[in-house]
Amino acid sequence: MINEKTFTLTRREALGGALALALSGAAPSARADDAKVLTVGSPFSPLSMDPALSGNGRAGAHLMPAYEPLVRTKTDGSFEAALATHWEMSQDNKSATFKLREDARFSDGEPVNAEAVKASVQYFIARKGPFSPNLATLTAIDIVDPFTVKFTLSKTQPNLISLFDAYFLCSDIISPKALATPDVLGSQTFGAGPYKLDPASTVTGKTYTYLPNTFYYDKARIGWDKVVITVFEDQNSAIQAMKAGQLKLLISDPLTANSNAANLGEGLRIISDPVSWTGLIISDRDGIIAPQLKDMRVRKAINYALDRKLLCKALFGKFGDPTDQIQGRGFMGHDEAFEAAYPYDPAKAKALLAEAGLPGGFELNVSYVNNTLSRFLTQAVAGMLKKVGIIAKTQEFQNFGAMNNSARQHGFATLIFNTNSSVPNLAEFQTLDPHGSLNYYNNEDEELTKLITVASQTPIDQAEGAWKQVYARVVDLAWFAPVGAIHVCYFAAASVKAPQPGQSLVIDLVNVMPA
């Protein structure tokens, strides 16, 4: 039986054991007391250094120093210039035109122009990486003049400009020289950002070192002589490195923030915003490898089995709130009414399982990628599922690459995961689109598709109700079993200044500067 006291004790014991193991590992290759070196800890080893094949958000942090987007999204949701100085949407919201700066160059010295941008985006689509569905409706890329490029879609996309910020990767513009031999993108960077990867000082999967791009157009944005990103799959090891002064910035999670908020140490602070959610993605909705999941009653039973209030209080404290939906507060489509959809009710969960012909429960594959947040959440969710007769058979993937390889082979039925809420016109690509990066079985619901089509074609200032209908259907389908609306969390030393994540969803490392 799990209660708050015993659950918290178990978590502390586990954290202590993990910490003892972590402290035996190697220290980062650069110390934070070097005033001109930005040392960053990341929980993720890159899925790929090729922007077309990489993860995004916090998992794409390794690309941020080296690749310049067309625009950047600021904390308040407005855009600021990057490679593009001006941009304009068409009245029908099907095309966007970007005017490029004329002084930008890639780290190999090649000029950034409209032809280079077109070639890079075409490469991104052709590689069919996890975020290529974002541009599935792209019909044309037109060179208006040497420094003006126009993108046209077959469908309305009111948030088209956002697709070309740093978050969605198609805007990580790659040098034409590298595109001629794309294999080099796995071990080097060829962007127009303020830094470039130093392969000689990089150990793949462990430590990534960046040096200034001498061709970068704005020298004032190069705040460091060197940027070093070190992978810490265990956040407890990372926290000790942070407190020991070996890191200036730590990309973290709400569990770690909650565990350390009361004893940060001198000069450390937590930067966070509630822009994410975590929980169970019920992937095999057609019952390909887990036939039980095809029945909506089983998926709903999983939702009723979760004591979200207990989980969030014990794991996340003030850095997470229980939720039944994947759109967080402040994001279009969120509806407070949805929060009453699946109250904790083990008896109802058991009754639904019995109605579905599973009175004795069943075994369920529950997979996760090895990181501190997912590991502890998986243990807690498994304990709650067991109480209603669902026996979780957990499966750990060492990294996102291993998870994606398994996904392509339908190797798991459910996945503990965390990802960001977002503008729904963009969020649908990842979570709901039949070919989205988190729709591993290419599931499609006819009613949901119709609702999304209507919402996507509705002007943004009138679309709130339409998107609430979309997410009402998502809640009813029980494709997900969310646990918490959580904060994106970073630990920062006093020696750096950094913006709030806000509507940019993450902190772009380019915006982390000496204090």
Query raised in the report: Does segment 246-258 contain any residue that is surrounded by fewer than 20 Cβ atoms within 10 Å (Cβ to Cβ) and out of contact with any Pro (no Cβ under 6 Å at 6 or more places or on another chain)?
Result: no
Query raised in the report: Could we say that residue 324 is outside the structural domain of residue 411 (by TED's automatic domain parsing) and among the acidic types (Asp, Glu) here?
Result: no
Requested in this report: Pairs only if they're at least six apart or on different chains, beta carbon under 7 angstrom, first in segment 279-300 and farther than 11 Å from residue 412 by Cβ and outside the structural domain of residue 342 (by TED's automatic domain parsing), second in a loop (DSSP other than H, G, I, E, B) and hydrophobic (A, V, I, L, M, F, W, C); list them, first residue then second.
Outcome: none
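Matching residues to (1) touching a helix residue (DSSP H, G or I) at 6+ places or on another chain (Cβ under 9 Å); (2) modelled with pLDDT of 95 or more; (3) over 23 Å from residue 50 (Cβ atoms); (4) in a strand (DSSP E or B):
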residue	(1), (2), (3), (4)
103	no, yes, yes, no
119	yes, yes, no, no
130	yes, no, no, no
142	yes, yes, yes, yes
**Report entry** Flag if residue 204 is in contact with an Asp or Glu (Cβ under 9 Å, 6 or more places away or on another chain) and under 25 Å from residue 400 (Cα atoms)
**Finding:** no
Report summary line: Every listed condition ((1) modelled with pLDDT under 95; (2) under 22 Å from residue 159 (Cα atoms); (3) under 17 Å from the mean Cα position of the chain (by Cα); (4) part of a loop (DSSP other than H, G, I, E, B)) holds for residue 92 save (3)
Query raised in the report: Identify, please: which residue in segment 148-167 is of a type in the set (A, V, I, L, M, F, W, C) and out of contact with any helix residue (DSSP H, G or I) (no Cβ under 6 Å at 6 or more places or on another chain) and is, among those, modelled with the highest pLDDT?
Result: 151
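Residues checked against (1) farther than 30 Å from residue 242 by Cα; (2) out of contact with any Leu (no Cβ under 8 Å at 6 or more places or on another chain):
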{"position": "428", "(1), (2)": "yes, yes"}
{"position": "441", "(1), (2)": "yes, yes"}
{"position": "448", "(1), (2)": "yes, no"}
{"position": "455", "(1), (2)": "yes, yes"}
{"position": "463", "(1), (2)": "yes, yes"}
{"position": "471", "(1), (2)": "yes, yes"}
{"position": "501", "(1), (2)": "no, yes"}
Query raised in the report: If we keep just the residues of segment 220-244 that are modelled with pLDDT under 95 and among the charged types (D, E, K, R), which is farthest from residue 68 (Cα to Cα)?
Result: 243
**Report entry** Residue list for segment 67-98, filter: among the basic types (Lys, Arg) and surrounded by fewer than 16 Cβ atoms within 10 Å (Cβ to Cβ)
**Finding:** none
Report task. Could you tell me whether residue 158 is buried (at least 18 other Cβ atoms within 10 Å of the Cβ), in contact with a Ser or Thr (Cβ under 9 Å, 6 or more places away or on another chain) and farther than 27 Å from residue 102 by Cβ? Result -> yes
Query raised in the report: Can we say residue 159 is in the same structural domain as residue 86 (by TED's automatic domain parsing) and under 27 Å from residue 407 (Cα atoms)?
Result: no
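The values are calculated or read from the model by the stated rules, or taken from the named source; none is laboratory data. On a predicted model such as this, the values are computed, not experimentally measured, just so you know. Every residue, glycine among them, receives a Cβ derived from its backbone with ideal geometry; neighbour counts consider all protein chains shown.
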